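Here is the structure we will look at.
The values are calculated or read from the model by the stated rules, or taken from the named source; none is laboratory data. Everything numeric here is computed off the predicted structure, so don't read it as measured data. Cβ placement follows ideal geometry from the backbone for every residue including glycine, while neighbour counts extend to all protein chains displayed. Remember, those area values only see protein heavy atoms, side chains included, never the ligands or the DNA or RNA. Shrake-Rupley method; radii C 1.70, N 1.55, O 1.52, S 1.80 Å.
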There are 4 protein chains.
Amino acid sequence: MRTYNPEIEEGALYAALLHDLGHYPFSHTLESLFPRHEENTVWTIKHGTIGDVLREQYSVSEFLKPLKNSVVSGDIDADRMDYLVRDAYYTGAAYGVVDLERVVGNLIFEGERLIIGEKGLIAAQNLLLARAMMYPTVYFHHTAKIAERMLREAVKIEGIPLEEIRLMDEIDLVSRLRGSEKPEVRELMQAIDNRMLYKRAYCSRTELEPGTLGELETGLKEEFGHLALLDYPPKPKYEERNAFVKACDGLKRLSEVSPLVRSLVDMKDVHWRWYVYAKRDVIDAVNRYVSDFL
Amino acid sequence: MRTYNPEIEEGALYAALLHDLGHYPFSHTLESLFPRHEENTVWTIKHGTIGDVLREQYSVSEFLKPLKNSVVSGDIDADRMDYLVRDAYYTGAAYGVVDLERVVGNLIFEGERLIIGEKGLIAAQNLLLARAMMYPTVYFHHTAKIAERMLREAVKIEGIPLEEIRLMDEIDLVSRLRGSEKPEVRELMQAIDNRMLYKRAYCSRTELEPGTLGELETGLKEEFGHLALLDYPPKPKYEERNAFVKACDGLKRLSEVSPLVRSLVDMKDVHWRWYVYAKRDVIDAVNRYVSDFL
Amino acid sequence: MRTYNPEIEEGALYAALLHDLGHYPFSHTLESLFPRHEENTVWTIKHGTIGDVLREQYSVSEFLKPLKNSVVSGDIDADRMDYLVRDAYYTGAAYGVVDLERVVGNLIFEGERLIIGEKGLIAAQNLLLARAMMYPTVYFHHTAKIAERMLREAVKIEGIPLEEIRLMDEIDLVSRLRGSEKPEVRELMQAIDNRMLYKRAYCSRTELEPGTLGELETGLKEEFGHLALLDYPPKPKYEERNAFVKACDGLKRLSEVSPLVRSLVDMKDVHWRWYVYAKRDVIDAVNRYVSDFL
Amino acid sequence: MRTYNPEIEEGALYAALLHDLGHYPFSHTLESLFPRHEENTVWTIKHGTIGDVLREQYSVSEFLKPLKNSVVSGDIDADRMDYLVRDAYYTGAAYGVVDLERVVGNLIFEGERLIIGEKGLIAAQNLLLARAMMYPTVYFHHTAKIAERMLREAVKIEGIPLEEIRLMDEIDLVSRLRGSEKPEVRELMQAIDNRMLYKRAYCSRTELEPGTLGELETGLKEEFGHLALLDYPPKPKYEERNAFVKACDGLKRLSEVSPLVRSLVDMKDVHWRWYVYAKRDVIDAVNRYVSDFL
């Protein structure tokens, strides 16, 4: 990054490199069961061997600051530049081509604020658009979501404590679940391994009151156990919140200047739905149960 | 196209192939001086040898109908699918990657109406987005616009009649202008050939009344002749007008379903500006003249 | 494949799909410790649930024949067409772009023999060239080879029997080795996991007599145990053996027609070397030991 | 180039930029009728306005030296790096992907000699291979060769002198030929413009004695005039002549180290053929004439 923009401070490079250290196995899949991965990153830097290396040059508290740098964690950050373009390439998605050199080369740093020079405007806008397309088509692909929900259930039933899971990689976790003493866990893992994934038994765009949601979850659990899984995701946010553009007539929010970026606010509802997934032989029963419940 | 979607009628294929026959040299550059190229296409089909071939299978009036087919001339037409992806590839623009097979494969024909199946939604949306990005960055690139404006002036001064220009290709036209008897024409062509293009002497986002516009044009002509050229383009339209989407809850306009497509309406103002271009040695004088005039 | 060349028989498609069923974890890495994966594929088809499905349409012995089809196992086979292009894409190697449609579309089947039509000649030649470049740069990359040699040693020491390993996937194997009761196995796995790979302690292009090779191996084992690992690979064969080309003057071997393909025979020596890898702290001792030994 | 390899001297950059100044319209097409384009480049630098600019920093004779620099004119020169990769991209040929940064970054300059560092070996080899594939499939594509031969004939008949043609671009030339006073020239140009190209009437891989060749040419001219055109190309040379590689055991010729490069010597015969092209209605007569003659 610093080759293309020497204004980016060195600490930000290290922070960009290390900011995802705290991820649990399978990235964000298990994050709803444990503290957010960012807290884990801080824990790992403080307690892991990486901290010893960092302490040679920085105090840890000093180093934790660049982790909040807008290039490390913001609308137009190194993370997005990396994963969006990479994931588009490797999934073969017909979008996600972004002129990253142009984005990086046109970032201007004024204090805390991240500003995009006018020549980087369309490239930066493309980065946000790529994100808005990768989510519904790739990251929220229904097959991935079902498998993730099943894995989450297996981990929940297995009851792995934070101190263990934050040291596990994917191999440790899968192997542990495959060899679980609990038959439900083994059953869920076999279904994933043999690609006998659950199917959608119910789908809705109507939001539920927290109370209703809780009752539905409890009801499903009592009635069907691990055979019916509720997936009620938070609404995604595609809009930008902290990107500014240097236009001829002063500093503007990116969303003011770009109608396309402005429209991303409305995207959160477009593809949002909640689901109940179920094992194939109880799909009808589950559908009836949810329909009756609502 | 018919490989991917057998519903597309054969006549539409021929129409897609022939619809641009009527283009003048340098595509749309000269279109403001002559009848629209579509009229010319009809003339060419009626009077050219191509008409003889077509008449073996179709009556000409019958053939002119598929020229209006929504696959040949619409928001999601074969022309756009061709030129956007091709131009993005050849200019190296970091957008314009569109999954065309998916677009074509998901087109549904209900009478006159073009309908996009739900699985083609994001690909079709991408086509419209690619267009909204190619225009400001590639097609309306200022260097291209200046050269086009200069060429248009040379053609206007040379006074080539419709009967001649509609039979010319680029070689005929450039050669004719280079060898013109009028020194202004030769001068404009030499400036283009030697890449001594005019520069922007004035730029504005404020719309002008038709009267004011006419006066400014006349004034510039009297004062500077061919050395100052007004470029007051129409506002581009990026929005879709006739694309429908088959959603689970019935037929919807593409813009209803996609916030991104909806926002394209606002794009027409974002990049719109009018300019006065001038030869380098009169730039300041021209700028002063326009500023005083307004 | 059959879309591009309807002459390819259906059984060949299934065979192409299933021929790699018998692979051990980590592809060819462990193949020198166990029967070749092709034998395993046959075993899996005979004893696995896949066999039950196949038996609905084929007798197993009948099905095993297409496994030898030249499109499934030959110089220009579906396997190579798949993995070379895919691996080049995913490793970002600047070669491996092959016009596969042209290769497949120009395959001619005359009995057992695979023949390439003249129009497919350069594309087929490119496939063989891509292979000759992928091997030295990607598949035989020294980091990969060292890690593979270490893993092989861990599996050998652990002593996993064929009946177990042929049912394992990568997760089962790594997890088993990480949790091994033998400290050498755990040590090797930790070195791989922490990327503290062994380094090259010795490198040579001189072939060794089988006797000398055996003595060296035994000597190293006695002196250094699992800390020094001999890697004496067979010479790769890049040349084609069964591809024919239909030229205007009759059927010719591909290597007769293409000087480039002919030269592949000589490639086997160009990049071939044998190595001794060692843990960092014994590198010098190992180098001295091997030098003294030879 | 200097970004990737600072050893490359500045003069070589300018030379690389200017070395093709002397090309006639349509690149090498007309080179057999006039002095080689390199001589023209020198003439242009000496007499054109570009010379005035160069003389501000260099004496012209001093500047002509870098034109022979191995990076400007050699086996692994900037020209090839440019045109091969570019032409492959724009023609969509499934080869010609070369890791140019790696080639340039691994060039070593020892006096006059161009040496490739070991890490650049495969990339440099790929450049030579790409060339050996682009020639038969793209540059010597039969349609291109026929059109070029027809254009060459038109220029020959028109009799344009060197002083004129070296100042012409493609537009000047085509326009001049289209408007020629000689009916044969106009006829040849109309055939090209309407894509009614001549067809191959005769094809052979047998070399002809210079005397026989001359007689055949004269005979064809007398019998068929501009309706039959002999195309007897020199044998192409794909082999490298001046590229060295720094190997662990000293400096070697690239062809010594790479069997693939070595085999390029044999390529010159593989695709070589001579042809007689003829207007469609005399094809049979021409074929008979040539067959009888030989």
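List of remarks:
- Test item: Cα-centred dipole of chain D, Lys/Arg +1 and Asp/Glu -1 on Cβ, debye: 640
- Charge context of B:Lys252, other residues only, Cβ under 13 angstrom, K/R +1, D/E -1: 0
- Semi-axis lengths, Å, the range B:135-294, gyration tensor of Cα atoms, sqrt of 5 times eigenvalues: 36, 22, 14
- A compact globular protein would have a Cα radius of gyration near 2.2 N^0.38 Å; the ratio found for chain A is 1.14.
- With every protein chain in place, chain C: carbon and sulfur % of accessible area (1.4 Å): 50
- Using θ = phi - 60° and Karplus 6.51 cos²θ - 1.76 cosθ + 1.60, couplings along the range D:83-95 (whole Hz; Gly, Pro as x): 6, 5, 5, 5, 5, 5, 4, 7, 8, x, 5, 7, 7
- For the range B:154-200, the solvent-accessible area works out to 55 Å² per residue, with a probe of 1.4 Å and every protein chain left in place.
- Inter-copy label distances at A:Tyr83 (7 Å, Cα→Cβ; nm, one decimal): 3.1, 3.9, 4.7
- For chain D, the longest principal axis of the C-alpha atoms and the axis of helix D:142-158 are separated by about 70°.
- Interface residues of the range C:243-274, defined as those with an accessible-area decrease of at least 50 Å² between the chain by itself and the complete set of protein chains (probe 1.4 Å), are C:Pro259, C:Leu260.
- Pairwise FRET efficiency - B:Asp52 versus C:Lys237, Cβ, R0 = 41 Å, nearest 0.05: 0.10
- Förster radius 60 Å - calculated FRET efficiency between B:Ala144 and C:Thr218 (Cβ-Cβ, nearest 0.05): 0.20
- Ratio of Rg to Rh for the range A:202-294: 1.25 [Cα atoms; Kirkwood radius as inverse mean 1/r over pairs].
- Cβ-defined net charge surrounding A:Ala144, 14 Å radius [Lys, Arg +1; Asp, Glu -1]: +2
- Sorted shortest first, the distances from the B:Ser32 label point to those of the same residue in the other copies are 4.9, 5.6, 7.4 nm; each point sits 7 Å from Cα along Cα-to-Cβ.
- Between the range B:128-153 and the range B:1-39, the alpha-carbon center distance in angstrom: 20
- Chain A: angle of helix A:37-47 to the longest principal axis, Cα-based, in degrees nearest 10: 70
- Between D:Asp20 and C:Arg280, the modelled labels are 5.0 nm apart [label points 7 Å from Cα along Cα→Cβ].
- Amide H partners (placed H, <5 Å) of A:Val245, local residues excluded: A:Ile116, A:Lys252, A:Arg253, A:Leu254
- Global size of the range B:48-118: 15.6, 45 Å for Rg and Dmax (C-alpha atoms, Rg to one decimal, Dmax whole).
- Sequence ranges D:228-237, A:157-166, ranked by mean other-Cβ count within 10 angstrom, highest first: D:228-237, A:157-166
- Normalising by residue count, the range C:15-139 has a Cα convex hull of 127 Å³ per residue.
- Rg/Rg_ref, the range A:1-73, where Rg_ref = 2.2 N^0.38 Å and atoms are Cα: 1.16
- Gyration tensor (Cα) of the range D:63-204, equivalent ellipsoid semi-axes in angstrom: 38, 20, 12
- Top of A:Leu129, A:Leu216, A:Leu177 by mean-square fluctuation, Gaussian network on chain A, Cα under 10 Å: A:Leu216
- In this structure the range C:1-73 gives 57 Å² per residue of accessible area when probed at 1.4 Å with all protein chains present.
- Virtual spin-label span in nm between A:Tyr89 and C:Arg86, 7 Å along Cα→Cβ: 1.9
- Projection of the Cα convex hull of the protein assembly as shown, averaged over all directions and equal to a quarter of that hull's surface, yields 56.8 nm².
- Within straight-line reach of A:Lys46, meaning a Cα separation under 28 Å, sit the following lysines at least 8 residues removed in sequence or on another chain: A:Lys65, A:Lys68, A:Lys156.
- Comment: the Cα-to-Cβ extended label point of C:Arg2, at 7 Å, lies 2.5, 5.9, 6.2 nm from its counterparts in the other copies, nearest first.
- Around C:Arg262: net Lys/Arg minus Asp/Glu count, Cβ-Cβ under 11 Å: -3
- Chains C and A together bury roughly 800 Å² of accessible area, counting both sides, with a 1.4 Å probe on protein heavy atoms only.
- Here the chain B residue lying nearest the rotation axis onto C, judged by its C-beta and given with the distance in whole angstrom, is B:Thr3, 5.
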